[in-house]
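K.L.:
Have a look at the structure that comes next, please.
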Amino acid sequence: MTFQSEIARELPFLRRYARMLTGTQEAGDAAVRETLQALIAAPEELRSDTAPRVELYRVFHKLWGDTSLRSIDLPTAVIGALPHASRKALLLTTIEGFSNAETAVILDLDEDELRDRIAEAREAVNAMLSSRVMVIEDEAVIALHLKQLLIGMGNDVAAVARTASEAVAAARDVHPELILADINLADGSSGIDAVDEILTEMTVPVIFITAFPEKLLTGDRREPAYVIAKPFNPDDVAATVLQALLVSRETTARPEPV
């Protein structure tokens with residue numbers, strides 16, 4: 001596989017990361033698009049002696065530092081609640097699965113400073129999460145695991161649904177602040193269809209947890225900002241829940257323009 005093809009293979013995951021970092025599909029995709037344009041114009045920016053995936057994320061962060069990301073209207077409450085540098089460190093090591101050494105290269109940090117930023121982010125996770133959550137999952141063991149994890153993080157799991165119809169009815173009843181959803185449900189119904197219907201009636205952040213995340217990151221339709229692959233790491237869930245709730249709260253709190 002060529003260096004260029006390896007970069008192309010990683011683009012769906014960079015897009016996911018950029019959306020989680022910025023809080024919106026539009027801002028995240030814009031950041032990735034401009035990164036690719038810069039690489040086409042100056043391919044020498046890529047170091048051939050570094051793993052392609054690490055290089056792609058390193059160049060992304062070189063081009064889109066804290067100042068650049070704030071300039072595209074990154075929610076201020078997210079930054080205030082969890083420092084931007086710490087959020088990047090946590091997302092890269094949990095959601096994206098980079099080692100500490102790789103993340104240090106991407107963010108141009110020494111590993112001691114990186115560990116401090118990750119610890120800061122984890123402390124914020126433990127201190128700030130407390131929300132009403134609904135889980136859409138037909139596998140009882142996974143649903144129980146998610147429920148225990150969410151409760152352990154300080155959340156109220158208000159409902160667990162096994163089918164699309166159950167999910168829609170439960171959402172109307174409990175008005176969740178966050179939804180965790182699988183795609184394939186017990187009666188053959190779709191978690192995607194359930195979420196689509198729920199979102200016609202209320203605004204709520206959704207995290208999809210699926211064995212096939214690439215199916216949600218095709219670019220063919222409106223894509224979710226938050227996707228976790230099965231089998232999931234509890235740290236992935238914790239980091240993504242925090243990010244989704246912080247972005248949602250800032251969006252809700254932001255005053256309408258006059």
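The values are calculated or read from the model by the stated rules, or taken from the named source; none is laboratory data. This one's a predicted model, so the numbers in the text were calculated from it and none came from an experiment. Cβ: placed from backbone, ideal geometry, glycine included. Neighbour counts: every protein chain shown. Side chains are part of the model used for accessible areas, which takes the heavy atoms of the whole protein and leaves out ligands, DNA and RNA. Shrake-Rupley method; radii C 1.70, N 1.55, O 1.52, S 1.80 Å.
K.L.:
Starting from the residue with the highest accessible area, list Lys62, Lys230 in decreasing order, probe 1.4 Å.
P.N.:
These residues rank, largest area first, as Lys62, Lys230.
K.L.:
From the residues Val168, Val157, Ala140, which one has its Cα farthest along the dipole of the range 114-179 in the positive direction, the dipole being from +1 and -1 charges on Cβ of Lys/Arg and Asp/Glu about the Cα centre?
P.N.:
Val157
K.L.:
Top to bottom by accessible area (1.4 Å), largest first, where do Arg53, Arg16, Arg33, Arg132 land?
P.N.:
I get Arg33, Arg132, Arg53, Arg16, largest accessible area first.
K.L.:
Provide Ser165, Ser5 ordered by accessible surface of protein heavy atoms (probe 1.4 Å), highest first.
P.N.:
Largest accessible area first, the list is Ser165, Ser5.
K.L.:
Which whole-number percent is the relative contact order of the range 2-50 (Cα, under 8 Å, 6+ apart)?
P.N.:
Relative contact order for the range 2-50 comes out at 21 percent.
K.L.:
Something else about it: Please list the non-local residues whose amide H lies under 5 Å from the amide H of Ala161, H modeled 1.01 Å from N, same-chain partners needing a gap of 5 or more.
P.N.:
For Ala161, whose amide H was placed from the backbone, the distant partners under 5 Å are Val135, Ile136, Glu137.
K.L.:
Then there's this: I'd like the Karplus ³J(HN,Hα) series for the range 186-200: coefficients 6.51, -1.76, 1.60, θ = phi - 60°, whole numbers in Hz, and an x wherever there's a Gly or Pro.
P.N.:
4, 9, x, 7, 10, x, 5, 5, 4, 5, 4, 5, 4, 6, 6
K.L.:
Decide, for the range 84-211, between rounded, prolate and oblate: order the square roots of the alpha carbon gyration tensor eigenvalues as a ≥ b ≥ c, take rounded if a/c falls under 1.5, and otherwise choose prolate if a/b is larger than b/c, else oblate.
P.N.:
Because a/c hits 1.5 or more and a/b exceeds b/c, the range 84-211 counts as prolate.
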